[in-house]
Ligand code: ADP
């Protein structure tokens, strides 16, 4: 091909020096000649002269074509030519037709040449002669071995066919595998999208190389399209900072699972990192699975609280019953002593304090049980001022002189219905917390007010340092305390439970100018608080308790019928004029208090009933009693007894 182009150029530039063209053509391996349209030699190369062994005059430009043919024919180059002149004129005729042609011929010297003639655009033609003797010999050789070769060929082609078949089978297997891979990839992708979690992969540069579209379900304000982003861009500063140490751990080859809070603890997120190992065992990335577990964490916290409460309940229940009976006796005897004539003032004070302490002992005992289970509330008629007096008397002695305590009743003049024992205990707790918080001089204020017609509010504020951030967040959790060794962490929890149980609420906060504020709101229930006198059937098998309760009942204006067993009570129930039944739940004998009350009712006496008990709140009998009747936990004071009777009034 290249040869022809060169020849073409040579032929078109007629004015060029022949020698120059010739030397150019000499670089070509094949023999080459160019004749013009008059069949005169335009140019040829040295190889042309050598190949045909031509005399000088025949390779000189202008030499006629027929001369060269004649020379060669005579020399026998074309084999046996019968009539030389006829042969020459045939060749000349052929040449003048200027048809492109290709022939192979054997020369007299035994060599074989190919002759390829191509007409030139400008007239004349170029001929390229190639010595193909060797190729021809090889072909001959091949032909002579054809039998043997064809066997080999057959064998080979059979093998090829077999290989082809194997390849075809492999290809279809590959196709099938590819198909399955595509399907499995689609399934994996689908599974990953359906899984309610964010699933992703990070490379070693912390850039996302894969992510399903669920990041927003874990961190709502982030983009769903994060492939190509680095972890910090994708997750935001806060989340990135929190996962970084664990990500590093995964990059170091250790998978891990951890949880963290986001957005001021509004969300809890669980993340699992799995290192992605490359073929050489090196870590090339990490897979991440993260999910929002806020609800689970909340449920877990509630469960934890419940467990802690159950534990507290178990601890309390063993003690409660016997201990409360003892306290009831102490309170009763103190009440009796109070009424002795000509008592010196100091003795009066001592008796008052002992009584208050015994009542508080009962309350503390109860509190442990209270936070453990749904204690039933016993609503009674309460005057807030009386409540404040009681709390003041109980607490004043525990405050240092440097801390002042003020009670402010803003507008609660009416008698209200509430569980006095609980409320009293709540206020004591709040005041003691305020006292503990104040170091040095300070002031505590206990205020009460109604909020509209719906709420009755008690608020304890102090001038201490206020709640710490952690206490603001966790202060209501059971057992959360910052008073190492001294606090139980149950005070605010108890108040929280009480508020919840009453249908109210508790709020802990800090006052902008400094100091803490705890406010408890209860549904406002106003009552007349008048207790009309009546005849009470008192059923109690412990004589000391029966005696002191009888005194209390008489003091609040009732006449009393006493029974120390269910059987005796059933007999007394027939006495006309009985207005109330006040009975212990546990009675010696065949019937307990509850069964006895049922029997009395069956006998035709259906009057308001109050059950006293020292049983712990979770005791089934106490629960049944609380569901059906007013409940009075032991020990109790005369005021509490009066309040329960007032609460029974419609
Ligand atoms: P305890 O008093 O046994 O620690 P509480 O449930 O009553 O248990 O209180 C929990 C925590 O709340 C306290 O340990 C304290 O850190 C914080 N706290 C309660 N009241 C106040 C207050 N008035 N001022 C500052 N912190 C308080």
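Please treat every number below as a calculation from the coordinates, not as lab data. No experiment lies behind these values; they were computed from the predicted model shown. Because the Cβ atoms are built from the backbone with ideal geometry, glycine has one as well, and the counts that use them run over all protein chains shown.
A few comments on the model shown:
- Ordering of 411-420, 331-340 by packing is 411-420, 331-340, highest average first (other Cβ atoms within 10 Å, averaged per residue).
- Global geometry of the stretch 40-79, whether rounded, prolate or oblate, following the gyration tensor of its Cα atoms and the 1.5 cut on a/c: oblate
- Estimated D of the stretch 491-650 in µm² per second, where Rh is the Kirkwood radius over Cα pairs and Stokes-Einstein applies at 10 °C, 1.306 mPa s: 91 µm²/s
- Remark: the residue 554-residue 469 segment gains 25.4 nm on full extension, using 0.36 nm per residue and subtracting the alpha carbon distance.
- Peptides ranked, highest mean first, by Cβ atoms within 10 Å: ranges 502-513, 466-477, 542-553: 542-553, 466-477, 502-513
- For the stretch 530-620: Kirkwood Rh in Å [reciprocal of mean 1/r, alpha carbons]: 13.2 Å
- Helix 133-144 axis, angle to the chain major axis (alpha carbon atoms, nearest 10°): 70 degrees
- For the chain, the convex hull drawn through the C-alpha positions has a volume of 357 cubic angstrom per residue.
- Over the stretch 445-502 - Rg/Rh using Cα atoms and the Kirkwood inverse-distance radius: 1.03
- Nearest 10 degrees, 0 to 90: helix 345-370 Cα axis against the chain principal axis: 30 degrees
- You can think of it this way: the chain between residue 455 and residue 184 has 91.3 nm of extra reach, that is 0.36 nm per residue less the Cα-Cα gap.
- Extension gain from residue 526 to residue 114, taking 0.36 nm per residue of separation minus the Cα-Cα distance: 135.4 nm
- Ranking of 453, 133 by count of other Cβ atoms within 10 Å, fewest first: 453, 133
- The relative contact order of the chain, computed from alpha carbon pairs under 8 Å that lie at least 6 residues apart in sequence, is 8 percent.
- The stretch 427-531, relative contact order in percent, only Cα pairs under 8 angstrom and at least six apart counted: 28 percent
- Helix 420-437 axis versus longest C-alpha principal axis of the chain: approximately 60°, rounded to the nearest ten.
- Here the scattering of the stretch 574-635 is modelled by Debye summation over its C-alpha atoms, one equal scatterer each and no solvent; at q = 0.17, 0.30 Å⁻¹ the log10 of I(q)/I(0) is -0.55, -1.40.
- Antiparallel DSSP beta bridges within the chain, as percent of all bridges there, nearest 5: 75 percent
- When the stretch 22-128 is reduced to its Cα atoms, the Kirkwood hydrodynamic radius in Å: 14.0 Å
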